[in-house]
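Chemist: Got a structure for you, written out below as structure tokens; questions coming shortly.
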Amino acid sequence: MRGALVVTGGSRGIGAATARLAGTRGYAVCVNYRGNGTAAEAVVRDITEKGGRAVAVRGDVANEAEVARLFDETEKALGPIGGLVNNAGLTGPISRITDVSLATLREVFDINILGSFLCAREAVRRMSTARGGKGGSIVNLSSMAAFLGGPGEFVHYAASKGAIETFTIGLAREVAREGIRVNAVAPGLIDTDIHAAAGAPDRVERLGPSVPMGRGGTAEEVAAAILWLLSDAASYVTGTSLRVSGGR
């Protein structure tokens, strides 16, 4: 059995697909959620009904005390942590930068950037061989928006994911000799409810034909890339951002 894996924002979309796949790969999975406990428990049931181990743990990743509790409860229920998927994130409403509100900026940056920092910090404290841990792997969720810029829609979101790209490189180099690998996955146009939450439920259908592969991707396709980066098959891969974008 592999070490425990924390998947933030694991109740839906890419996070849920990652949690389910990890459960079939021998990980004991913490399905973190902030608001939808029913959805998180459904993911846990999907894992346990197939013979895996999983728990749902509520926690706001932008809250330092709640992040510490998230990791404490995971270790208490599942044992030592061996991996983290920093998946929790949001775009905020579609908006030009001239119209984006301060409240949206703060929420997007708090969840996408601060949340990833706090969770990674907690994971490193527990996994680092320099601190008595056994090592591990972190995968941060970036986005192709970091490279495309999100003009007219998500400049604020794109900027937050640009920060994740830089964070991934820096943290990977900082902890490379402490038994921890740090990578990112940059999904492109993926069919999840994040688009509806931003106010564009038809976005994948509308933009899919413009992708070189001619379609949007699935959460399961992104999850497969995440699980590869977590695995020993990627043992010499760190500080890398893997684009899962259909060529976009």
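Chemist: Please compute the length gained on full extension between Glu178 and Ala77, using 0.36 nm multiplied by the number of residues separating them and subtracting their Cα-Cα distance.
Modeler: Gain on extension, Glu178 to Ala77, equals 33.9 nm.
Chemist: Moving to a separate point now. Over what distance in Å are the Cα centres of segment 45-64 and segment 107-146 separated?
Modeler: 17 Å
Chemist: Hey, for a label at Lys134 modelled as a point 7 Å past Cα toward Cβ, could you say which residues of segment 18-52 have their backbone N under 15 Å away?
Modeler: In segment 18-52, the label zone of Lys134 (backbone N under 15 Å from the point 7 Å along Cα→Cβ) covers 26-29.
Chemist: Where in the chain are the helices, taken as whole DSSP H runs, whose Cα atoms extend 15 angstrom or more along the long axis and whose Kyte-Doolittle mean reaches at least -0.5?
Modeler: The qualifying helices are 13-24, 37-48, 64-78, 115-127, 155-175, 219-230.
Chemist: By per-residue mean of other Cβ atoms within 10 Å, what is the highest-first order of 212-218, 86-92?
Modeler: Values: 212-218: 15.7, 86-92: 25.0.
Sorting 212-218, 86-92 by mean packing, highest first, produces 86-92, 212-218.
Chemist: Next question, about the same structure. Do you know the relative contact order of the chain, to the nearest whole percent, from alpha carbon pairs under 8 angstrom that are 6+ apart?
Modeler: Working: 538 pairs, mean separation 46.3, N = 248.
Result for the chain is 19 percent.
Chemist: Follow-up question, since we're still on this one. As a footprinting exposure proxy, order Asp72, Asp46 by other Cβ within 10 Å, with the fewest listed first.
Modeler: Numbers: Asp72 13, Asp46 17.
Lowest to highest Cβ neighbour count: Asp72, Asp46.
Chemist: Give the cross-link partners of Lys134 among the lysines, using a straight C-alpha distance below 26 Å as the criterion and excluding same-chain residues fewer than 8 apart.
Modeler: Straight-line reach from Lys134, under 26 Å: Lys76.
Chemist: If you don't mind, another one. Under a cut-off of 18 Å between alpha-carbon atoms, report the aspartates and glutamates in cross-link reach of Lys50, not counting same-chain residues fewer than 8 places apart.
Modeler: Candidates past the 8-residue exclusion: Glu41, Glu220.
Chemist: Starting with the highest mean, order 121-130, 176-185 by the number of other Cβ atoms within 10 Å, averaged over the residues of each peptide. Let's see the in-between values first.
Modeler: Numbers: 121-130: 18.7, 176-185: 20.7.
The densest-packed peptide leads the list: 176-185, 121-130.
Taken together, the values in this text are just the output of simple stated rules run on the coordinates, not laboratory data. Keep in mind the model is a prediction, meaning the values are calculated, not measured. Virtual Cβ from ideal backbone geometry, glycine too; neighbours counted across all protein chains shown.
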